[in-house]
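Some notes on the structure that comes next.
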Amino acid sequence: CGERTLKCMNPRKRINSLDKPETDKAWFWDRVEASGLRPLLKTNYNHVGSGLITAFTERWQPETGTFHLRIGEMTITLDDVSCLLHIPITGKMLNHAGTSCTMEEGQDMCEELLNFSREDAQEEFDKMKGAHVSFAKLLEIYHDNLNLALEAENNEDEEAETVEFLRDCTVRAFLLYLIGGILFTNKSVQYVDLIFLSYLQDIPLVNTWNWAASGLAYMYNYLDRASRRRCGNHGGYNCMFQAWIFAHFKRYGQRFLDENYTNEDPVGAKYYLLKTGKWPYETRTSLDRMEVDEVTFCPYEDHRQMRPFQDISWYSGWIMCGSAMICPHLPELFIQDAFDDYLTENYVTEEMRGPRAEHGYETEPGYIAWFYRVSHPKIWQPVGGNPPRPANVEVMIEEDNANKKCDVFEICKTVREERKRDSSDGKKKKNKKKKKKKSKTRGEEVGPSGQG
C-alpha cells in the first residue's frame with residue numbers, strides 16, 4: 001500500500017450541472033422534498049483529496065468497521081451521516097438480493113416507472129452488459145419526461161392520470177440519477193444499477209427507507225475493498241468521507257467555509273474545498289503522530305437545533321445495502337464512554353454487563369495478538385509545535401507501576417523476545433549435540449590406543 005494512491009470517484013460535475021425545474025414547480029419539488037433526499041444536492045465538492053482519503057483508507061479494518069489510529073478507533077456513524085447529509089437514518093434498510101436485478105425485471109420497471117420502452121431498455125442493457133442505465137441515458141429519460149409533463153399540464157384535453165404519471169416518472173428519474181450518482185457511486189462512475197429504482201416505485205413512501213444506513217453500508221463495502229493492497233479505485237460517496245474527515249480532524253484539507261452556508265443546510269455543505277495534494281505521504285506521517293487533542297469527537301454540538309441526536313445512532317449491529325453488502329456498525333468502539341452511559345441509563349445494568357477487562361491478559365484469547373497485528377503502535381519523538389505532556393505524567397507512571405498494570409505492547413514484546421530466546425537456545429543445544437556426535441565418531445576412528 002505504501003506506493004499507491006487511490007483513484008477516488010467524484011461525480012460532482014454530473015450532479016452540479018444537472019438541469020432542474022424552476023422553483024415554482026411545486027409538483028416536482030414537493031415530491032423531492034418529501035423523499036428526504038433533496039439535501040444531497042448541496043453536499044458535493046469540486047475536488048476530492050485522493051492522498052487524504054488514501055491515508056485514512058489504509059487504516060481501515062474490515063473486521064471491526066473502524067479506522068485504527070494512534071489515538072484509538074474511529075468510524076463513520078449514523079449520526080455523522082445524519083448531520084453531514086440530513087437524509088433519513090430511520091426506516092427499513094435496502095434489502096434487495098444480490099447487486100442487480102434481472103434484465104426482464106429491469107425492462108418491466110423501465111416501462112412502468114420511467115416511461116422507457118422495453119425495446120429501448122433492452123438496447124441499453126446490451127450496451128451496459130447488464131440491468132444498468134448509463135447516466136447519459138438516464139439524463140435523457142429525465143428530460144424527456146419533464147418536457148412531456150410540462151406539455152401535458154398545459155394541455156387542457158390531457159387526462160389528469162396521464163399528467164400525474166409523467167410527473168411521477170420525472171421525479172423517479174431525477175431521484176435515481178441523484179442516489180446513483182451520489183450515495184451509490186460505483187467504481188465505473190458510468191451507470192446506475194436499476195435495482196435502486198424498485199425503492200422509488202411509491203414516491204410518498206421513499207422517505208420510509210433508511211437511505212443513510214444503506215449508503216453508509218455501501219461506503220463501508222468500498223472501504224473494505226480499498227483497504228486491500230491491490231485495489232486502485234475507491235467508490236462510494238467520497239464527498240461524505242472527506243466531510244467526515246474535515247468535521248473530526250481540523251488539521252487536514254485545504255478548505256474555506258462557504259459564505260452562503262446556514263445551519264439549515266447539512267454540515268457537509270459548509271466547506272468550500274481547494275485542490276489538495278495527490279500523494280498521501282504527509283498525511284500518513286501526521287496520522288502516526290496524532291495526539292488526542294487534535295481530534296474533535298463531538299463536532300455537531302452547535303448543529304443539534306437543526307439535527308437533533310437520534311437514539312437510532314446508538315444502533316450496534318449489522319447494516320446492509322442489499323444482501324451482498326452487509327457490514328458491521330459498531331459505534332461503541334468510537335464513543336465508548338458515552339455509549340456505556342447511554343446503555344446503563346436506558347437498557348443494561350452493571351450486573352448484566354459483567355466485569356470489565358482492564359488489563360491485556362483479561363481479554364479474549366487471541367485479541368491482543370490480533371490488535372498488535374492490525375494496529376499501528378508506533379512511538380515517535382516529540383515534534384515541534386505539539387502540546388506539552390501533562391505536568392503530572394511522572395506521578396501517573398509511578399501509580400501505574402505501583403498498581404502493577406500490564407502494558408499490552410510490553411506483553412507482546414516480552415513474548416516475542418522469549419520466543420527468540422527459545423529458538424536461539426534450541427539452536428545452541430542442536431549445535432552441542434552435533435559437536436558431541438562428531439567427537440564420538442572421531443574417537444571411534446582413532447581407537448582406544450590412539451592408533452588407526
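The values are calculated or read from the model by the stated rules, or taken from the named source; none is laboratory data. These figures come from a predicted structure and were not determined experimentally. Don't worry about glycine lacking a Cβ; one is built from the backbone with ideal geometry, like all the others, and counts go over all protein chains shown. Please note that ligands, DNA and RNA were not included when accessible areas were found on the heavy atoms of the full protein model with its side chains. Shrake-Rupley method; radii C 1.70, N 1.55, O 1.52, S 1.80 Å.
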Checklist entry - Once the dipole of segment 1-41 is set up with Lys and Arg at +1 and Asp and Glu at -1 on Cβ about the Cα centre, which of 36, 23, 9 lies farthest towards its positive end? => result 9
Next on the checklist: What whole-number distance in Å separates the alpha-carbon centres of segment 263-300 and segment 144-208?
Outcome noted: 35 Å
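Could you check how many percent of all C-alpha pairs in segment 1-133 are farther apart than 17 Å?
Details: 6785 of 8778 pairs.
Considering segment 1-133, 77 percent of its Cα-Cα pairs are separated by more than 17 Å.
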Next on the checklist: Taking amide H atoms as placed 1.01 Å from N in the peptide plane, list the residues 5 or more away in sequence, or in a different chain, whose amide H sits under 5 Å from that of residue 134.
Outcome noted: 192
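Determine the dipole magnitude for segment 185-267: charges of +1 sit on the beta-carbon of Lys and Arg, -1 on that of Asp and Glu, nothing else is charged, the reference point is the Cα centre, and the result goes in debye to the nearest 20. Please report the intermediate quantities before stating the final value.
Values: 8 positive and 7 negative charges, 157 e Å.
In total the dipole reaches around 760 debye.
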Item to check | Compactness of segment 20-68, expressed as Rg and Dmax over alpha-carbon positions, Å | outcome: 18.2, 49
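With all protein chains present, how much of the accessible area of segment 86-136 (probe radius 1.4 Å) comes from carbon and sulfur, to the nearest whole percent?
Ligands and nucleic acids excluded, carbon and sulfur give 48 percent.
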Checklist entry - Using a 1.4 Å probe, how large is the accessible area of residue 306, given in Å² and rounded to the nearest 10? => result 90 Å²
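Rolling a 1.4 angstrom probe over the protein heavy atoms, how many square angstrom per residue are accessible across segment 138-251?
Values: 4130 Å² over 114 residues.
About 36 Å² of surface per residue is accessible.
Suppose the chain between residue 102 and residue 302 were pulled fully straight at 0.36 nm per residue; how much longer would it get relative to their current alpha carbon spacing?
Details: separation 200, 0.36 × 200 = 72.00 nm, distance 4.65 nm.
Once the chain is fully extended between residue 102 and residue 302, it gains 67.3 nm.
Under a Cβ-Cβ cut-off of 15 Å, what is the net charge of the residues other than residue 319 that fall near it, where Lys and Arg count +1 and Asp and Glu count -1? Each step should come with its number before you reach the end.
Working: positive: 92; negative: 79, 80, 224, 332.
Here the count lands on -3.
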Checklist entry - For residue 421 and residue 367, what does the FRET efficiency come to when R0 = 35 Å and r is the distance between their Cβ atoms, rounded to the nearest 0.05? => result 0.90
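In square nanometres and to one decimal, what's the mean projected area of the convex hull around the Cα atoms of segment 136-175? Kindly include the intermediate steps, with their values, before the conclusion.
Details: hull surface 9.5 nm².
Convex hull of Cα atoms, orientation-averaged projection: 2.4 nm².
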Checklist entry - In whole Hz, what ³J(HN,Hα) sequence does segment 41-52 give by Karplus (6.51, -1.76, 1.60; θ = phi - 60°), x for Gly and Pro? => result 5, 9, 10, 10, 9, 5, 10, 10, x, 5, x, 5
Checklist entry - Cα gyration tensor of segment 75-164, axes a ≥ b ≥ c as square roots of the eigenvalues: rounded (a/c below 1.5), prolate (a/b > b/c) or oblate? => result oblate
